[in-house]
Amino acid sequence: MVDIGALIKQEMQRQGRGVTWLAKQIGRDRTLIYRIFNNKSIDTDNLLRISLALKHNFFEVYIEEYKRLVI
């Protein structure tokens, strides 16, 4: 299954962004960002906000996982 928290953290670090920056971009508290990093799931509203902030479509990860499981 997808470990979305780890993927978000990895992409954020790849872009050289910090937790404070991401929290500000999505209008959430820094503690939420740390919780997201430690979770394997995320609600779609936060996933959309993070995808837009990082300009990275994290929904694609789930689409690929779906395709892999269906076939």
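So the values come out like this:
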item	result
Translational diffusion coefficient (Stokes-Einstein; Kirkwood radius from C-alpha pairs) of the chain at 4 °C, 1.567 mPa s, in µm²/s	105 µm²/s
Where labels lie 7 Å past Cα in the beta-carbon direction, separation of residue 30 and residue 15 in nm	1.9 nm
The chain - percent relative contact order, Cα under 8 Å, separation 6 or more	41 percent
Charge dipole (debye, nearest 20) of the chain; +1 at Cβ of Lys and Arg, -1 at Cβ of Asp and Glu	260 debye
Contour excess over end-to-end distance, with Cα ends at residue 7 and residue 70 and 0.36 nm allotted per residue	20.5 nm
List 12, 1, ordered by accessible area with a 1.4 Å probe, largest first	1, 12
Heavy-atom accessible surface of the chain: percent carbon and sulfur, 1.4 Å	53 percent
Accessible area (Å², per residue) of the chain, counting only protein heavy atoms and a probe of 1.4 Å	69 Å²
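The values are calculated or read from the model by the stated rules, or taken from the named source; none is laboratory data. Nothing here was measured: the structure is a model prediction, and the numbers come from that model. Cβ: placed from backbone, ideal geometry, glycine included. Neighbour counts: every protein chain shown. Accessible surface is based on the protein model in full, side chains and every heavy atom, while ligands, DNA and RNA are left aside. Shrake-Rupley method; radii C 1.70, N 1.55, O 1.52, S 1.80 Å.
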